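One structure is given here, and the rest of the page talks about it.
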Amino acid sequence: MEPEGREPSVLLVFAHPALERSRANTVLAESGKRAAGVRFHDLYELYPDFVIDVEAEQQRLLAHQVIALQFPFYWYSTPALMKEWLDLVWLHGFAYGKGGDRLKGKQLFVACTTGGPAQAYHQRGYNRFTMEEFLRPLEQTAELCGMTWENPFIVHAARLKDDAHIQGEADRYRQRLEGLAAAARETV
Ligand SMILES: Cc1cc2nc3c(=O)[nH]c(=O)nc-3n(C[C@H](O)[C@H](O)[C@H](O)COP(=O)(O)O)c2cc1C
């Protein structure tokens, strides 16, 4: 949400393929929608058939300073539609490569929930790697596009946490988004 007359500086790109079964992302998304300076953009709602309007998506990216990606961690990665969106929208000549500097100077911020607990995302945990390591492809995507990689927002063991904990995380998430939005407004 944004005070009248001012364009949001954060584009919150959301992907959850089974929102009717979601708890954590539903609560976080509600918080994100209410955050000042944030425009919420639900990929599975808009593109249930995976037919993405590439031109509209590129214009949307250009209109915002901060690109936030929110998703449940699926097989150590993003859900399929978010990957498809990256593949089709973040094109050579637009996002990277010759003439591809349109996202340069923007920020990339990832917010994701995991089923696994924090201790599993450790060299000696059952997932063997840290979240930082699993998110490297997105971090490097930001780098290739000349974007700044923001410290990700992670909620672990999302299905085990009680409602109060999830709500606390959602409040923290909203503050983080509003902080990014406010900082972005100062730089433009
Ligand atoms: C297809 C699928 C793949 C998943 N892969 C992972 C995974 O790689 N790592 C993990 O920690 N949790 C994984 N999970 C658990 C989800 O991340 C977890 O249920 C979700 O973050 C909870 O958020 P929600 O309540 O909004 O759905 C997976 C769940 C599904 C359905």
* To do: Please give every one of the lysines within straight-line cross-link reach of Lys98, meaning a C-alpha to C-alpha distance under 23 Å, and leave out same-chain neighbours fewer than 8 residues apart.
  => Lys83, Lys106
* Relative contact order [Cα under 8 Å, 6+ residues apart], segment 10-187, whole percent -> 29 percent
* Tell me, in nm to one decimal, what length is gained between Glu45 and Thr187 on full extension, where the rule is 0.36 nm per residue of separation less the Cα-Cα distance? -> 47.9 nm
* Compare the Cα positions of Ala120, Tyr96, Ala182 along the charge dipole of segment 10-187 (+1 at Cβ of Lys, Arg; -1 at Cβ of Asp, Glu; about the Cα centre) and return the one farthest towards the positive end. => Ala120
* To do: Give, as a single signed number, the net charge of other residues whose beta carbon lies under 15 Å from the beta carbon of Gly105, with Lys and Arg counted +1 and Asp and Glu -1.
  => 0
* Asked: What percent of all Cα-Cα pairs in the chain falls in each 5 Å bin, counting up from 0?
  -> 1, 8, 17, 20, 21, 18, 10, 4, 1, 0, 0
* Structure fact -> Checking segment 1-93 for chymotrypsin sites (Phe, Trp or Tyr not before Pro) in a loop per DSSP with at most 16 other beta-carbon atoms within 10 Å yields Phe50, Trp75, Tyr76
* Quick one: net charge around Val66, please, counting Lys, Arg +1 and Asp, Glu -1 for every other residue with C-beta under 9 Å from its C-beta. => 0
* Roughly how many debye, to the nearest 20, is the charge dipole of the chain about its Cα centre, given +1 on each Lys and Arg Cβ, -1 on each Asp and Glu Cβ, and no other charges? -> 440 debye
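Values in this text are rule-based calculations from the coordinates and carry no lab data. Bear in mind the structure is a predicted one, so any value in this text is a computation, not a measurement. Note: ideal-geometry Cβ built from the backbone for every residue, glycine included; neighbour counts use all protein chains shown.
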